[in-house]
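A.B. asks: Below is the structure I would like to discuss, written out as structure tokens.
The values are calculated or read from the model by the stated rules, or taken from the named source; none is laboratory data. Here the structure is a predicted model, which is why all the values come from computation and not from measurement. Ideal geometry is used to build each Cβ from the backbone, glycine not excepted, and the neighbour counts take in all protein chains shown. Each accessible area value is taken on the protein alone, full model and side chains, heavy atoms only, with ligands, DNA and RNA left out. Shrake-Rupley method; radii C 1.70, N 1.55, O 1.52, S 1.80 Å.
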Amino acid sequence: MKKMISIIAISLVLSISIFSIKIYAATLDTINITTDKQTVHPNETVKVNINFGQDLGSYTIDVAYDNNLLEYVSSEGGTANDNGTRVRVYFFDQTGGSSPRNSMSVTFKAKSGITTSNPTNFSITAEGLANPDASVTYDDITIPITKNIVVEPVYTDYNIALSYTGEVKKDEQKDMKITISSSMGKNYEHTRIIANATTPSGGTVNLFATDSQGLEHDIIQNGWGNASGDPIGGVDVKKELAVKGKFTKPGDYSIKLSLINRDDSDAVIASKTFKITVTEKATISTEPENTEPVKPEEKPENNEEIINKEQNEISNKNTIQNNKKPNKLPKTGNTVYVIILSTVAVLVIAYVCLRKRK
């Protein structure tokens, strides 16, 4: 009998011990951590929400963060302390279990001046976890629970332009310029430029660009850039590429330029289509220019017109003669007499002189 009582007593003690271990060494596996946004822009806030999944009477939660990207703003659900890289929130229900909490939160703000995409995370650990009346305690969370976010600027889409001046003529190389720009371009490590063309029937087009080694590449056929891609991104980014376009037929062409991401299976980052009208080359004449004015065709005159024309010519001639002024004034009658008398006087004097000599 005594032996039986001893066995029962030992069993009860072991059962109570096992039960107590289960009660006081539980694991809080209902905790859930979320953020109100996954991408945070400069000067925007992000809130880390920690839901315990049940009421707790006490806890101490540590939330570690990257102080190069974020700064602490506030917390809710306990007394907070920020050391610059970690926010610690402490809570204890001093009412003995009548005012427990089942969640808490911490708010951060992204710093200004960020110009690139920055993946980062919040790292959460916990200790001092207990139920409202402290009859159950939970294992400390020593392996951090992480929540990932990205801190980046507000990006502006890339713009692609194809510019040139004047007309584009058949079989003549045309200087053109491709420009890719953005006031705040997202950063990509490996990008290339590719082109697709639609041409008139039988026509072809080339866009030639020359690399740093002097080698010429046709963007239509081979694209442009390092085979693995070139980086792009940042504030007021602008890339320019000089090309020479050649079109073999007159007509309307369509060229689509695209910027692709080699790290994402050549996904298109930006693209734009350009319409180009090609005209015939101007022809140059080798014949000398005729500088003589072209005379209007003369109509034949009939007999009546000829007679009228002759009469008009005679009338005009008479009018001109009548209106013509004499070059010398006519001599008057007195002038003639003076000449005759002078001549007679000379003859008389000559005669008298001859008589006296004889």
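A.B. asks: Compute the length gained on full extension between Ser228 and Val346: take 0.36 nm times their separation in residues and subtract their Cα-Cα distance, giving the result in nm to one decimal.
C.D. replies: So the chain would gain 29.2 nm between Ser228 and Val346.
A.B. asks: While we're here: On a full-extension model of 0.36 nm per residue, what is the gain between Asp171 and Ser212, subtracting their alpha-carbon distance, rounded to one decimal in nm?
C.D. replies: Numbers: separation 41, 0.36 × 41 = 14.76 nm, distance 2.62 nm.
Gain on stretching Asp171 to Ser212: 12.1 nm.
A.B. asks: If you add up the charges near Lys109, with Lys and Arg at +1 and Asp and Glu at -1, over every other residue whose beta carbon is less than 14 angstrom from its beta carbon, what do you get?
C.D. replies: Here the charged neighbours net out to -2.
A.B. asks: Under 5 Å between amide H atoms, partner at least 5 residues away or on a different chain: which partners does Glu44 have, H built in plane at 1.01 Å?
C.D. replies: Close amide H contacts, sequence-distant or interchain: Ala110.
A.B. asks: Taking the Cα centre of region 199-287 as the origin, how large is its charge dipole in debye, to the nearest 20, when only Lys and Arg (+1) and Asp and Glu (-1) carry charge on their Cβ atoms?
C.D. replies: 260 debye
A.B. asks: Under a 1.4 Å probe, what is the accessible area of region 55-154 per residue, stated in Å²?
C.D. replies: 47 Å²
A.B. asks: Still on this structure: What is the extension gain from Thr115 to Lys272, computed as 0.36 nm multiplied by their sequence separation minus the C-alpha to C-alpha distance, in nm to one decimal?
C.D. replies: 54.0 nm
A.B. asks: Going highest first, how would you order 159-166, 125-132 by mean Cβ packing within 10 Å?
C.D. replies: 125-132, 159-166
A.B. asks: Rounded to the nearest 0.05, what FRET efficiency is calculated for Asp36 and Thr146 with R0 set to 25 Å and r the Cβ-Cβ distance?
C.D. replies: 0.90
A.B. asks: Arrange the residues Asp62, Asp230 by how much accessible surface each exposes, largest first, with a 1.4 angstrom probe.
C.D. replies: Descending accessible area places them as Asp230, Asp62.
A.B. asks: Hey, with R₀ at 35 Å, roughly what FRET efficiency would Thr156 and Tyr90 work out to, going by the Cβ-Cβ distance, to 0.05?
C.D. replies: Step by step, r from the Cβ atoms, then E = 0.20.
A.B. asks: Please tell me which of these pairs span more than 20 angstrom C-alpha to C-alpha: Lys177/Lys239; Lys47/Lys109; Lys37/Lys147; Lys147/Lys186; Lys169/Lys272?
C.D. replies: The answer is Lys147/Lys186; Lys169/Lys272.
A.B. asks: Counting only protein heavy atoms and a 1.4 Å probe, tell me what percentage of region 144-231's accessible area is made up of carbon and sulfur.
C.D. replies: C and S fraction of accessible area: 44 percent.
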